[in-house]
Amino acid sequence: MKDIQFLLERFHCHFVGNDNSPKVFFAPGRINLIGEHTDYNGGFVMPLAFQLGTYIVTAPSANKCFRFYSENFKSHYEHPYGLETSKGKADWFKYPMGVVDRFVRHSGWPDCGWDLYFFGDLPLSAGLSSSASIEMVTAVAMDFIFQSTYPMIELVKIAKEAENEFVGLQCGILDMFASGMGRKGHCLLIDCNSMEFSTIPFKTGDYRLIIMNTNKRRGLADSKYNERVKECEQALADLRQEVDIDFLCALSYSDFQKYGAAINNPMHYKRARHVISENQRTQDAAQALIANDIRRFGKLMVESHKSLHSDYEVTGLELDTLVEASMEAEGVMGARMTGAGFGGCAIALVHRNHISKFQHHVEKVYLQKTGLKVEFYDAYAVNGACRIL
């Protein structure tokens, strides 16, 4: 947790003259343990909220506008009340403004202006949901500003709509759900079709969850993410000629083996095979955690990565190198990419007595093969978005 006094001082530095008492909000990033690219296909995902995220410090002002400052982007943005919010990914402020727009549509503009200072300790464009963290911390702050008292699940939906409609990324609800609904010491098993979820204690004994950042930057909306969504839609359309389903993950893997030949395009077949097999792996992983079978959980992580590499084709040299180097190291139970792919981060379950040697080995191999320096983070599960002051 970032020092609150530091955040307050930075707020007053950038909003000189605002002597009103600030409030502070936080929303964590997320790690998806398994269940990749299943959320927008009506399947299961297994994320956890972890300790890095985004903070907002906010206080009312005399100006009839929202004034934003991002410490990470070193950028101011001012939005006068009454001005329509334009869509499209032009800058960082589109993420919070998409959320603000949802509240304004429902309740109108506030009676006074508000200054908002943003600070994040999540690495950007790393597949750890920095955008969802920004959207969710904005949602809980706006819930306070507009005195809406929405349940958290409604704030999650607002944040998802903002990303879909304002940023143009046709993501599922995974990232916002994890950031909003996370629980300390637990991961979530979410059915992205019904929105039902359960919490599972994330007990890994002597094994620690290590994040590995490729430091290969990518923008999701500029990558092939939306292309994968369309490929899945096309696979679904073909399958519906043979079986009555509304989404890919409505099909079990055994049924996919029976009806999969209905998919005309071989590439679309591979996309669907990943999604449906990953959905089963995610449910199996939940049972493994409940049974404290960490070895089984680690094996499913590796199988997930192989499918993301071969069938979904979203890994690439950097992520593959991290996972392969991880599995060469002593004391590693499992490793896989996390997030949408195309760069970003991988995760590994590493025995606490071998973390130093593990990091040295992975760092050396990764630098040799990619010319990039990997960054490591020791991750633990925390509660979701909230007010902290």
Residue in segment 164-192 that is nearest to Ser131 (Cα to Cα), counting only those that are in a loop (DSSP other than H, G, I, E, B) and at pLDDT 95 or above:
Gly182
Residues in segment 94-108: is at least one closer than 22 Å to Leu7 by Cα and touching a strand residue (DSSP E or B) at 6+ places or on another chain (Cβ under 6 Å)?
no
Within segment 278-312, the residues that are in contact (Cβ under 8 Å) with a residue 40 or more places away in the chain and of a type in the set (D, E, K, R) are Glu278, Arg281, Asp311
Among the residues of segment 328-336, are any of a type in the set (Lys, Arg), modelled with pLDDT of 95 or more and surrounded by fewer than 24 Cβ atoms within 10 Å (Cβ to Cβ)?
no
For a quick check of your reading of the model, give me the residue pairs whose first member lies in segment 98-113 and is at positive phi and of a type in the set (Ser, Thr, Tyr), whose second is in a loop (DSSP other than H, G, I, E, B) and modelled with pLDDT of 95 or more, with beta-carbon atoms closer than 7 Å and at least 6 apart or on different chains.
none
Residues within segment 122-144 that are over 13 Å from the mean Cα position of the chain (by Cα) and either buried (at least 21 other Cβ atoms within 10 Å of the Cβ) or modelled with pLDDT under 95 (or both), tallied:
7
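Being surrounded by fewer than 24 Cβ atoms within 10 Å (Cβ to Cβ), out of contact with any Ser or Thr (no Cβ under 6 Å at 6 or more places or on another chain) and within 18 Å of Ala49 (Cα to Cα) narrows it down to one of Leu155, Leu209, Leu169, Leu174, so name that one.
Sole residue among the options that is surrounded by fewer than 24 Cβ atoms within 10 Å (Cβ to Cβ), out of contact with any Ser or Thr (no Cβ under 6 Å at 6 or more places or on another chain) and within 18 Å of Ala49 (Cα to Cα): Leu209.
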Quick check: anything in segment 168-177 more than 14 Å from the chain's Cα centre (by Cα) and among the small types (Gly, Ala, Ser)?
yes
Failed item, numbered, when Asp320 is tested on (1) exposed (fewer than 15 other Cβ atoms within 10 Å of the Cβ); (2) of a type in the set (Asp, Glu); (3) not in a loop (DSSP other than H, G, I, E, B):
(1)
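Of the residues Tyr69, Tyr77, only one is crowded, with 16+ Cβ neighbours inside 10 Å, in contact with a strand residue (DSSP E or B) (Cβ under 9 Å, 6 or more places away or on another chain), without any contact (Cβ under 8 Å) to a residue 40 or more places away in the chain and not polar (S, T, N, Q); which?
Testing whether each residue is crowded, with 16+ Cβ neighbours inside 10 Å, in contact with a strand residue (DSSP E or B) (Cβ under 9 Å, 6 or more places away or on another chain), without any contact (Cβ under 8 Å) to a residue 40 or more places away in the chain and not polar (S, T, N, Q) leaves just Tyr77.
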Scanning segment 61-77 residue by residue, the ones that are under 30 Å from the mean Cα position of the chain (by Cα) and assigned to a strand (DSSP E or B) total 9
Answer with yes or no whether Arg30 is assigned by TED's automatic domain parsing to the domain that holds Leu128 and either in contact with a helix residue (DSSP H, G or I) (Cβ under 8 Å, 6 or more places away or on another chain) or modelled with pLDDT under 95 (or both).
yes
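Assigned by TED's automatic domain parsing to the domain that holds Gly334 and over 17 Å from Leu209 (Cβ atoms): is that true of Arg295 in this structure?
Taking the combined requirement at face value, the residue does not satisfy it.
The values are calculated or read from the model by the stated rules, or taken from the named source; none is laboratory data. Note that the structure is predicted; figures quoted are calculated from it, not measured. Backbone-built Cβ (ideal geometry, glycine too); neighbour counts: all protein chains shown.
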